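Taking it in order: structure first as structure tokens, then the write-up.
The values are calculated or read from the model by the stated rules, or taken from the named source; none is laboratory data. Predicted model only: the values in this text are computed from it and were never measured. Methodologically, a virtual Cβ is constructed for each residue, glycine included, from the backbone with ideal geometry; neighbour enumeration extends over all protein chains shown.
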């Protein structure tokens, strides 16, 4: 009996050893200023992150593209190191503080460390420490790009009034403001089915305590800014009567919100799925009718005039075009002389 038990164990151990050995194989080396290997394990992790972001597996061609990006990254980092271009912890912290601020605006209060970590994990598929290291690499490469391609990046011109007017004409049919409601919200987020009933009961209890009284609602909204409140708040939410609004909150939520008058408080509403899943009590701050937007109208989703939004849209397009051009030029320069090698036999793991 013992001999029969030992054999499967040995087979499993042997298989695990083979997988471990495969992971340690080198799939590419980068040798711009020093020899740096990229192992099968490293490639697998990058592919996993990409698959997590896309929600589907990558084929062999896309895995090769991931490897190509990893080679480019290491070439740029080695070149930046040679030029003594570095990124400080303070610079990384600044970027993370901006991300925290964005999350805080969504929550209506400062996020806890756990909430921030969860948000990073959900958005990137990475743990915070891994994402921080990736962010530092990205900032280093960005600094190097700015240093080497200043002339190209400075060539971006502000759009003229004629160009803004042309952009408005092209997009005029899309510049329609649907019926819109702006609201504040008390939120009981639902992370999984197991806590759904509990969160619904908590929301119903809160609704009874508020009792359709605006002052009670405002008091609960203020208390919800505390990390230990037991619920979240949103100071400013906007939904519109269109397909996007329906997709964001669901048909029942959208219809109920549109019925409410300014200053009124809703019953407990549910967003049944998605990242915003949970139970909501909302108070309508403003209602806006459907209208065609002029250049001078404020775009509610952006909080700026249509003119400003279009100017920024044109600038983003130009910036992206120029950055893409500068990146490609830099990659071509760094790859001259083939300072890298791909081991084809290890690529199809």
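From the list 138, 110, which one is within 30 Å of residue 333 (Cα to Cα) and under 24 Å from the mean Cα position of the chain (by Cα)?
Values: 110 fails: within 30 Å of residue 333 (Cα to Cα).
Criteria check complete, one pass: 138.
When only residues in the range 249-263 that are out of contact with any helix residue (DSSP H, G or I) (no Cβ under 8 Å at 6 or more places or on another chain) and touching a residue at least 24 places away in the same chain (Cβ under 8 Å) count, which is surrounded by the fewest Cβ atoms within 10 Å (Cβ to Cβ)?
Here the residue is 261.
Would you mind finding the one in 157, 84 that is touching a residue at least 12 places away in the same chain (Cβ under 8 Å), loosely packed, with under 14 Cβ neighbours inside 10 Å and not in a helix (DSSP H, G or I)?
Working: 84 fails: touching a residue at least 12 places away in the same chain (Cβ under 8 Å).
Selected residue: 157, the only one of 157, 84 that is touching a residue at least 12 places away in the same chain (Cβ under 8 Å), loosely packed, with under 14 Cβ neighbours inside 10 Å and not in a helix (DSSP H, G or I).
Since residue 302 meets every condition but one in (1) touching a residue at least 60 places away in the same chain (Cβ under 8 Å); (2) in contact with a helix residue (DSSP H, G or I) (Cβ under 8 Å, 6 or more places away or on another chain); (3) outside the structural domain of residue 209 (by TED's automatic domain parsing), which condition does it not meet?
Tallying (1) touching a residue at least 60 places away in the same chain (Cβ under 8 Å); (2) in contact with a helix residue (DSSP H, G or I) (Cβ under 8 Å, 6 or more places away or on another chain); (3) outside the structural domain of residue 209 (by TED's automatic domain parsing), residue 302 fails exactly one: (1).
Whether any residue in the range 324-344 is under 26 Å from the mean Cα position of the chain (by Cα) and either on the phi > 0 side of the Ramachandran plot or without any contact (Cβ under 8 Å) to a residue 12 or more places away in the chain (or both) is what I want to check.
Yes - at least one qualifying residue is present in the range 324-344.
Would it be correct to say that residue 348 is at positive phi and either within 23 Å of the chain's Cα centre (by Cα) or loosely packed, with under 14 Cβ neighbours inside 10 Å (or both)?
Judged against the criteria, residue 348 is not a match.
Surrounded by 15 or more Cβ atoms within 10 Å (Cβ to Cβ), within 30 Å of residue 224 (Cβ to Cβ) and assigned by TED's automatic domain parsing to the domain that holds residue 138, is that true of residue 115?
For residue 115, the condition - surrounded by 15 or more Cβ atoms within 10 Å (Cβ to Cβ), within 30 Å of residue 224 (Cβ to Cβ) and assigned by TED's automatic domain parsing to the domain that holds residue 138 - is met.
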